[in-house]
């Protein structure tokens, strides 16, 4: 299809959708309040709707007072009943699909309900919005002339009791219209292969023959694929393989540790990076500007948002607030109620608002992925900001890392213990360790206070991980694939000890 026709069609969709986006940008609180009432109305005759009296809830405050904040474990029994085919438990329509997700902290699988409404009004709507925003910011784009290379964690879908479970990416692929495959690569057949290592080479072999104009996937696994493309083709960079490649849509993990490696594969300043924030529970936010990785919180996807200030999270004074009460610069845990029947559900992610007019966020980590053994409150955002600075200062590249505490014993003070796998290690390891410690103190005042004169914390202990250490750890734990992530920070030593044993 000629570029002008493609642009005209895209422009029509843009104008239609932007009117709706402008509505929630102008009236965010009102849009969210109306959305909540619609969710309650639809679910009033469900089991959970009757339990909490959804039909008589008229205000947010009544909703917050009646319905408790919940975790997956709180919902597990009801979800298991729904997986066995029982309907009208937490959503009025039968839930056919369940996204299997183990996260990064639990070996036990979670099965997140995915309704028809959440597929269409959330996940697929967000994919269209992402393309619309990108095209609006880049009207000369030739994105639609080529194909998008998508890299999911797809495995086969499993069917039992009339319901289906599997990776979210597999569910999305399975429900896409037939014509969508024409604009994507690899084929559905390859995307749904179960053996990750076999699939990886199959993806390379198929995609190097295509006119790929965009990439989409988790940064860590996409990097593995792209390095395989370079190795297979012998090209000096990816533009030799795909000359029309123009954008990478990424999410799932922080992009910070991988920036320099992507710049080496995609040299020059014309290539664009667009971040998204999605999960099995829903699609939450989209980068809407070319040169800022702040994410616009999407307020009309059938998700009602609440937030827990991390300053009170997990304490007796914990409080939950609606969107109207959040403040820029603060760190919050996310609580959602959705059109798939999750009610006041803690996702487990933390975000920081960079703006409230409009509501833009940055993902800062996980509620369980931080270190606060000694009152230092080290979060992933701190760790990766420090690493980014130090890798530039020392001309190093990092593949992966994880951090755990060294607990106090007797009169011995505590510390943080790191294991880092380098693609390009530092020439002076002691200097790298010193600079990382100083950089962490710069970005986190609590850590700085604990490190002052070694008051509570000694200097960090850092190990250099062997080549493919983290890949081998993921493989050993059956976690190879696009949706699995390495746990960055932990208050326990479980992951670190496993990695140290593999590094011996």
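Under the condition of being over 23 Å from residue 223 (Cβ atoms), in contact with a helix residue (DSSP H, G or I) (Cβ under 8 Å, 6 or more places away or on another chain) and part of a loop (DSSP other than H, G, I, E, B), the residues counted in region 402-427 number 2.
Picking from residues in region 159-198 that are in a helix (DSSP H, G or I) and touching a residue at least 40 places away in the same chain (Cβ under 8 Å), the one that is nearest to residue 126 (Cα to Cα) is 172.
At least 3 residues being modelled with pLDDT of 95 or more and within 24 Å of residue 79 (Cα to Cα) is the threshold, and among the strands (runs of 3 or more DSSP E) wholly inside region 289-364 those reaching it are 303-309, 331-338.
A quick yes/no check of all residues on (1) assigned to a loop (DSSP other than H, G, I, E, B); (2) modelled with pLDDT of 90 or more; (3) closer than 21 Å to residue 407 by Cβ:
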| site | (1), (2), (3) |
| --- | --- |
| 435 | no, yes, no |
| 440 | no, yes, yes |
| 449 | no, no, yes |
| 452 | no, no, yes |
| 462 | no, yes, yes |
| 467 | yes, yes, no |
| 471 | no, yes, no |
| 483 | yes, no, no |
| 491 | yes, no, yes |
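With the structure loaded, tell me whether residue 74 is part of a helix (DSSP H, G or I) and within 21 Å of residue 333 (Cα to Cα) or whether it fails that test. When the stated conditions are applied, residue 74 passes them.
Restricted to region 254-288, and to residues that are in a loop (DSSP other than H, G, I, E, B) and in contact with a helix residue (DSSP H, G or I) (Cβ under 6 Å, 6 or more places away or on another chain), which residue is farthest from residue 22 (Cα to Cα)? In this case the residue turns out to be 266. Please tell me if residue 152 is closer than 16 Å to residue 215 by Cα, in contact with a helix residue (DSSP H, G or I) (Cβ under 7 Å, 6 or more places away or on another chain) and either assigned by TED's automatic domain parsing to the domain that holds residue 219 or surrounded by fewer than 21 Cβ atoms within 10 Å (Cβ to Cβ) (or both). Judged against the criteria, residue 152 is a match.
For the structure I just gave you, tell me whether residue 220 is in a loop (DSSP other than H, G, I, E, B) and either in contact with a strand residue (DSSP E or B) (Cβ under 6 Å, 6 or more places away or on another chain) or crowded, with 19+ Cβ neighbours inside 10 Å (or both). So residue 220 fails the test. Does residue 139 fit the bill of being outside the structural domain of residue 192 (by TED's automatic domain parsing) and on the phi < 0 side of the Ramachandran plot? For residue 139, the condition - outside the structural domain of residue 192 (by TED's automatic domain parsing) and on the phi < 0 side of the Ramachandran plot - is not met. Here is a check on your reading of the model: is residue 45 closer than 24 Å to residue 94 by Cβ and either in a loop (DSSP other than H, G, I, E, B) or at pLDDT below 80 (or both)? For residue 45, the condition - closer than 24 Å to residue 94 by Cβ and either in a loop (DSSP other than H, G, I, E, B) or at pLDDT below 80 (or both) - is met. The residues on offer are 167, 195, 205, 174, and the sole one that is out of contact with any helix residue (DSSP H, G or I) (no Cβ under 6 Å at 6 or more places or on another chain) and surrounded by 20 or more Cβ atoms within 10 Å (Cβ to Cβ) is 167.
In the set 277, 262, only one residue is touching a residue at least 12 places away in the same chain (Cβ under 8 Å), buried (at least 17 other Cβ atoms within 10 Å of the Cβ) and more than 23 Å from residue 168 (Cβ to Cβ); that residue is 262. For region 372-401, name all the residues that are in a strand (DSSP E or B) and crowded, with 22+ Cβ neighbours inside 10 Å. Residues satisfying the conditions are 378, 379, 398, 399, 400, 401.
The values are calculated or read from the model by the stated rules, or taken from the named source; none is laboratory data. Predicted, not measured: the structure shown is a model, and the values here were computed from it. Don't worry about glycine lacking a Cβ; one is built from the backbone with ideal geometry, like all the others, and counts go over all protein chains shown.
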